[in-house]
Amino acid sequence: MTFLDRPVQIIAVPLDLGAARRGTDGGPSALRIAGLGPALRALGYTTLLERDIEVPARETRNQGRQGMRFRDEILLVCRSLHATCRDALASGHFPLILGGDHSIAIGSVSATQRHFHQRRESIGLIWVDAHGDLNTPGNSPSGNIHGMPLAHLLGRGDEAFTALAGDAGPLDPSRVVLIGLRQLDPGERALIRELGLTVFTMRDIDELGMGEVSRRALAIAGEGTAGIHLSFDVDACDPAVIPGSGTLVPGGISFREAHLLLEHCADSGRLLAMDVVELNPFLDRANVSAERTVALIRSALGERIL
């Protein structure tokens with residue numbers, strides 16, 4: 001089955017409770033204004049009526065416990081997203097999840113995992129990010145949950161979040177690949193070593209080239225699995241490419257390198273679902289980051305130069 005045989009279900013999650021800086025709640029709107037829907041239809045996709053996950057306003061809530069700021073609200077959002085993604089997968093649709101901050105991946109990735117576990121299959125995960133997102137409530141320097149989603153998907157952290165995976169349990173660390181890392185906390189380094197996660201830092205990309213990195217990543221995440229969930233944080237790109245994010249780290253992936261990675265993902269035919277997170281239009285310049293992100297999504301879904 002090719003991508004063109006699967007309708008795209010766009011799911012918007014306007015959440016910024018997991019981040020320190022406000023504004024990622026505007027990410028889905030910025031991508032819509034940048035023409036995401038028409039761009040996908042121009043590729044030949046059927047796009048379904050878009051879904052919006054309800055998110056509580058920060059101003060109406062207290063941040064709660066120090067180790068996990070806005071824990072209860074984010075859990076509610078992740079549960080709702082989880083159910084919506086599972087419904088989309090069960091209907092044979094391709095979930096395209098628009099964040100929002102990266103904490104939403106606890107809901108989306110666990111949904112893909114549970115769906116295929118019910119079919120007695122496992123999934124791989126490619127996590128494209130400047131950061132590891134491997135902190136836990138016990139060691140997070142900030143208490144911001146957008147720095148914790150991958151740890152929870154690997155079974156470390158708050159039990160209410162890890163329970164979203166259900167009987168599928170934690171992700172298999174041997175089928176998880178991180179790409180673009182260049183800023184890690186000490187606890188994240190320790191967990192990477194403990195679990196033996198495959199990580200391609202910016203140095204690896206410089207030395208190997210993005211073509212080789214993407215080939216290796218797809219082979220590792222895809223081996224023996226039903227396919228791959230791709231979780232793409234726009235801050236993986238260099239700030240000169242995507243200035244509209246609140247977690248910028250210099251020295252990131254170039255625009256052409258990002259396209260190549262996503263073109264390889266499309267060529268593989270193995271993508272099961274995709275997150276696009278951490279776009280902050282309030283920090284952008286004339287929506288250029290959203291427009292470039294739409295171009296990258298087009299590459300992930302099969303647009304070719306020729």
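The values are calculated or read from the model by the stated rules, or taken from the named source; none is laboratory data. Source: prediction; values computed, not measured. Note: ideal-geometry Cβ built from the backbone for every residue, glycine included; neighbour counts use all protein chains shown.
Tabulated values for the structure
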{"item": "Residues of region 108-149 that turn out to be within 12 Å of the chain's Cα centre (by Cα) and basic (K, R), as a count", "result": "0"}
{"item": "Failed criterion for G157 (all others in (1) among the small types (G, A, S); (2) over 21 Å from P250 (Cα atoms); (3) touching a residue at least 24 places away in the same chain (Cβ under 8 Å); (4) crowded, with 18+ Cβ neighbours inside 10 Å hold)", "result": "(3)"}
{"item": "Candidates L134, L171, L153, filtered to the one that is among the aliphatic types (A, V, I, L, M) and over 30 Å from S91 (Cα atoms)", "result": "L134"}
{"item": "Residue match in region 253-263 (condition: in contact with a Lys or Arg (Cβ under 9 Å, 6 or more places away or on another chain), touching a residue at least 24 places away in the same chain (Cβ under 8 Å), surrounded by fewer than 24 Cβ atoms within 10 Å (Cβ to Cβ) and within 19 Å of R6 (Cα to Cα))", "result": "yes"}
{"item": "Those residues of region 163-182 which are under 30 Å from N62 (Cβ atoms) and either aliphatic (A, V, I, L, M) or surrounded by 19 or more Cβ atoms within 10 Å (Cβ to Cβ) (or both), in sequence order", "result": "A163, L164, A165"}
{"item": "Residue match in region 215-223 (condition: surrounded by fewer than 18 Cβ atoms within 10 Å (Cβ to Cβ), small (G, A, S) and assigned to a helix (DSSP H, G or I))", "result": "yes"}
{"item": "Residue match in region 114-124 (condition: surrounded by 24 or more Cβ atoms within 10 Å (Cβ to Cβ), out of contact with any Lys or Arg (no Cβ under 8 Å at 6 or more places or on another chain) and not β-branched (V, I, T))", "result": "no"}
{"item": "Test: residue in region 228-243 that is part of a loop (DSSP other than H, G, I, E, B), touching a strand residue (DSSP E or B) at 6+ places or on another chain (Cβ under 9 Å), among the hydroxyl-bearing types (S, T, Y) and at pLDDT 95 or above", "result": "no"}
{"item": "Answer residue from region 287-306, given it is of a type in the set (A, V, I, L, M) and modelled with pLDDT of 95 or more and is surrounded by the most Cβ atoms within 10 Å (Cβ to Cβ) among those", "result": "A290"}
{"item": "Matching residues, region 161-193, being closer than 20 Å to V213 by Cα and touching a residue at least 60 places away in the same chain (Cβ under 8 Å)", "result": "I179, G180, R182, Q183, I192"}
{"item": "Counted residues, region 1-56 - those being outside any loop (DSSP other than H, G, I, E, B), within 28 Å of R304 (Cβ to Cβ) and among the basic types (K, R)", "result": "2"}
{"item": "G155 under 29 Å from S268 (Cβ atoms), more than 16 Å from the chain's Cα centre (by Cα) and in a helix (DSSP H, G or I)", "result": "no"}
{"item": "Pick from region 108-166, criterion touching a Gly at 6+ places or on another chain (Cβ under 7 Å) and of a type in the set (D, E), ranking: farthest from V177 (Cα to Cα)", "result": "D133"}
{"item": "Every pair of residues 6+ apart whose Cβ atoms lie under 8 Å, when the first sits in region 198-221 and is free of Cβ contacts under 8 Å to residues at least 12 places away in the same chain while the second is surrounded by 17 or more Cβ atoms within 10 Å (Cβ to Cβ)", "result": "D204/V213; L208/F200"}
